[in-house]
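The values are calculated or read from the model by the stated rules, or taken from the named source; none is laboratory data. Every value quoted in this text rests on a predicted model; they were computed, and no experiment measured them. All Cβ positions, glycine included, derive from the backbone under ideal geometry; neighbour counts span all protein chains shown.
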Amino acid sequence: MDIRCFFVKNKIQMIFFYPFKYFFIFGFLLFGKEIASSINLIEEKKWPKKINESPYKKDYDPEELNEWFSTAKTKKGVVLSLHGLNNRPSSMNSLIHFFNSQGLDVLRGALSGHRGSLEEGKIILLKDWEREVKDLYNLALKKAHQFKVPLYLNCYSMGCLVLVDLLESLDKGGYENHVRKILFISPALKVRGPLLFFYQIVDTILPSGWILPSFNLKEYRSQDGTSVASYQAFFKLLKKHKGPSLSLKKKLAIIPSLILMNPEDELLSFSDLKNFIKDNGLKSWKMIPIDNSKSKNSKKISHLLLDEKSVGHHEWKRMKKEMANFLGFKKDAL
């Protein structure tokens, strides 16, 4: 048993955190202040000043900023792609290269706290992510309109919850739905029970500036640890979307969505998500189980389904075919 001690001023001397296997799970939870200036939109030569302003810009990793990835083929659509908690935005690149091969331009989003600055992650608020994803959505939608092509959403883990939150905010604002399809990878919509206990500790005891160690693989994680502030923002989202509103249900029900997920996911409940789809009448949603037991990584993480190395050659090839079929590009499937 791995016991970690936390001291919170003089009120709490010590608490027993949780058994090692749960700490292992929580540590890499979902791999896990303005939009960075790396986005280049066609015909946009100068961004509003606020886009470039950030006190943490000097600490950013140029490989982990918001970025457009354009296809060399005839454009068939635009994808807004979003990473998970404490995930490098660049960990989405294998998926993005696949989308490019199918004739899709991709806007890879990078949320605050995931662009290379550890200090930025310590002060994250949910409203920061909500504002940023709206900006990203507007940019992706603008390009889709320019080329008269469909807009798709792609997300991994926590990024899926952020995008569902976006759809609800657009619905409440009375905006028309422009999303043609959604491709979910290990979506953090229904988490396993032990995370609820973790939520109580994070939300009520730990200082937001603390960094909790991550056991996710180094090549996928944004930082060696995940800030309590980031966890708090994530759990606020999770609580907010415990049950979708009637209006959001109607919107989600008409958007064809594909979910690729490992039933053995350490963090998420495959059965609960399946019931969520059934109970909310999401008949246009489809779940496909993925087995990444042939992963070539140094350790297998069932939640991690982002590239050939994390999934295995055969299953990665099957994932790409399922995605191509879902997007309607059967002839172009790899």
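Key figures
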quantity: Qualifying residue in the range 252-272 (condition: touching a helix residue (DSSP H, G or I) at 6+ places or on another chain (Cβ under 9 Å), modelled with pLDDT under 90 and part of a helix (DSSP H, G or I)); calculated: yes
quantity: Residue check for ASN292: in contact with a Gly (Cβ under 7 Å, 6 or more places away or on another chain), modelled with pLDDT of 95 or more and not in a helix (DSSP H, G or I); calculated: yes
quantity: Residue within the range 302-309 that is part of a loop (DSSP other than H, G, I, E, B) and surrounded by fewer than 17 Cβ atoms within 10 Å (Cβ to Cβ) present; calculated: no
quantity: All positions within the range 114-133 that are in a loop (DSSP other than H, G, I, E, B) and buried (at least 21 other Cβ atoms within 10 Å of the Cβ); calculated: HIS114, ARG115, GLY116, SER117, ILE124
quantity: Near pairs, Cβ below 6 angstrom, 6+ apart or cross-chain, from the range 67-86 (in a loop (DSSP other than H, G, I, E, B)) to any residue that is of a type in the set (Lys, Arg) and at pLDDT 95 or above; calculated: ASN86/ARG221
quantity: Test: residue in the range 121-128 that is of a type in the set (Lys, Arg), more than 13 Å from the chain's Cα centre (by Cα) and closer than 30 Å to ASP203 by Cα; calculated: yes
quantity: From the options LEU166, LEU111, LEU136, residue that is crowded, with 18+ Cβ neighbours inside 10 Å, in contact with a helix residue (DSSP H, G or I) (Cβ under 8 Å, 6 or more places away or on another chain) and assigned to a helix (DSSP H, G or I); calculated: LEU166
quantity: Among (1) of a type outside the set (Lys, Arg); (2) more than 17 Å from the chain's Cα centre (by Cα); (3) farther than 30 Å from LYS76 by Cα; (4) assigned to a helix (DSSP H, G or I) - the single one PRO207 does not satisfy; calculated: (4)
quantity: Where LYS190 falls short, out of the listed (1) more than 20 Å from the chain's Cα centre (by Cα); (2) among the basic types (Lys, Arg); (3) under 24 Å from SER271 (Cα atoms); calculated: (1)
quantity: Condition met for LEU248 (in a helix (DSSP H, G or I) and either hydrophobic (A, V, I, L, M, F, W, C) or more than 18 Å from SER157 (Cα to Cα) (or both)); calculated: yes
quantity: Some residue of the range 210-217 being of a type in the set (Phe, Trp, Tyr), modelled with pLDDT of 85 or more, surrounded by 15 or more Cβ atoms within 10 Å (Cβ to Cβ) and over 20 Å from the mean Cα position of the chain (by Cα); calculated: yes
quantity: Qualifying residues in the range 139-160 (those that are in contact with a Phe, Trp or Tyr (Cβ under 8 Å, 6 or more places away or on another chain) and hydrophobic (A, V, I, L, M, F, W, C)) - the one surrounded by the most Cβ atoms within 10 Å (Cβ to Cβ); calculated: MET158
